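Scroll down for the structure; my scribbles are underneath it.
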Amino acid sequence: MTITSKIALVTGGNKGIGFEICRNLAGAGCAVLLGARSVERGRQAIRQLEQQGGSGDVHCIEIDVTRPETVNAAARQIESRYGRLDILVNNAGVNLRGDGLPGAADPGVVQRIFDSNFFGAFRVAQTMLPLLRKSAAGRIVNVSSGLGSLTLNSDPSSPVYNASFRLIGYSASKAALNMLTLHLAYELRDTKIKVNSANPGFTRTDLNDNTGTQPVEVGAIAATRLALLDDDGPTGQSFSKDGPAPW
Ligand code: NAP
């Protein structure tokens, strides 16, 4: 069996920005694997897409990015069902209470944030790499954040400079994720796989108790665009919806 539509996996696809990325990729004709650490929440998300009249070809797949056994099992399922993966969106992420300035943040909390936001994405990318290498045009999108930008964190004129955005666990985990983008892009520079970071912008989701200033439709733009890049598109770069974003 030859499967012609692109096969896309989105981690943390059951809500927020990831859910919207799933909707966009399904709308673009991809077969979407909506990753969820809770199968029940994943199925509920698919029902929600159906009720909103735009489900397309979307299937729930169990992935908890902090549990290697679920990541390995997902890779085996994708291998046996499709034989390849065309798009990986490392979207799953957390922002946990107990994070803050380095003098006050709880080290255990910082470690848990890294487990999801950096090690989780690293684990999923490494595990899915053999499947992405079988794609004619693989794409990896790491959903990062302006809070992970070293440039913005050192610019007093940037909103990111403000104390209320200084979260050592969250920000450092996204800076590390950006380094994963650069190193993966370097490692894969002679392949058809492109690897980029997407900055959603401050988006109303549960991650920030819905205090964000823009809706998920806007937050999903950069990642969706990078997931669907043409063969002449960039690799090893960082983008917001408005274009190149500072590291
Ligand atoms: P959200 O609504 O809280 O969604 C986060 C998603 O990640 C949920 O599906 C959640 O699953 C999932 N997740 C968390 N830990 C996981 C794990 N260990 N394994 C698998 N899935 C896991 O937040 P969001 O704002 O859409 O965030 C999506 C991404 O955008 C994150 O990487 C975040 O850092 C990034 N981002 C967000 C903003 C913003 O303003 N919202 C700005 C910049 C970057 P459950 O439902 O099971 O918890």
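The values are calculated or read from the model by the stated rules, or taken from the named source; none is laboratory data. What you see is a predicted model, and the numbers here were worked out from it, not measured in a lab. Counting neighbours? That spans all protein chains shown, and the Cβs are built from the backbone with ideal geometry, glycine included. Each accessible area value is taken on the protein alone, full model and side chains, heavy atoms only, with ligands, DNA and RNA left out. Shrake-Rupley method; radii C 1.70, N 1.55, O 1.52, S 1.80 Å.
Within the span defined as the range 176-193, one or more residues are out of contact with any Gly (no Cβ under 6 Å at 6 or more places or on another chain), open to solvent by 80 Å² or more (accessible area, probe 1.4 Å), assigned to a helix (DSSP H, G or I) and touching a residue at least 12 places away in the same chain (Cβ under 8 Å). Considering the range 199-213, the residues that are open to solvent by 80 Å² or more (accessible area, probe 1.4 Å) and near the ligand (Cβ under 6 Å from one of its atoms) include one that is nearest to ILE140 (Cα to Cα), namely PHE202. For the residues GLY93, GLY35, GLY83, the requirement of being small (Gly, Ala, Ser) and surrounded by fewer than 19 Cβ atoms within 10 Å (Cβ to Cβ) singles out GLY83.
Of all residues in the range 1-14, those satisfying the criterion of being open to solvent by 10 Å² or more (accessible area, probe 1.4 Å) and either at negative phi or free of Cβ contacts under 8 Å to residues at least 60 places away in the same chain (or both) are MET1, THR2, ILE3, THR4, SER5, LYS6, ASN14. Of ILE17, ILE46, ILE21, all but one fail to be open to solvent by less than 10 Å² (accessible area, probe 1.4 Å) and either at pLDDT 95 or above or closer than 29 Å to THR213 by Cβ (or both); the exception is ILE21. Checked against the criterion of being open to solvent by 20 Å² or more (accessible area, probe 1.4 Å), modelled with pLDDT of 95 or more and either near the ligand (Cβ under 10 Å from one of its atoms) or of a type in the set (A, V, I, L, M) (or both), the range 153-166 has no qualifying residue.
Scanning for something among the hydrophobic types (A, V, I, L, M, F, W, C), open to solvent by 20 Å² or more (accessible area, probe 1.4 Å) and within 15 Å of the ligand (Cβ to nearest atom), does the range 125-147 turn up at least one residue? Taking every residue of the range 125-147 in turn, at least one turns out to be among the hydrophobic types (A, V, I, L, M, F, W, C), open to solvent by 20 Å² or more (accessible area, probe 1.4 Å) and within 15 Å of the ligand (Cβ to nearest atom). Scanning the range 201-222 for residues that are in contact (Cβ under 8 Å) with a residue 60 or more places away in the chain, in contact with a helix residue (DSSP H, G or I) (Cβ under 7 Å, 6 or more places away or on another chain) and either in a helix (DSSP H, G or I) or closer than 13 Å to SER144 by Cα (or both) turns up THR203, ASP206, LEU207, VAL216, GLU217, GLY219, ALA220.
Filter the range 30-47 down to the residues that are touching a residue at least 12 places away in the same chain (Cβ under 8 Å) and of a type outside the set (A, V, I, L, M) and list them by number.
Matches in the range 30-47: CYS30, GLY35, ARG37, SER38, ARG41, GLY42, ARG43, GLN44.
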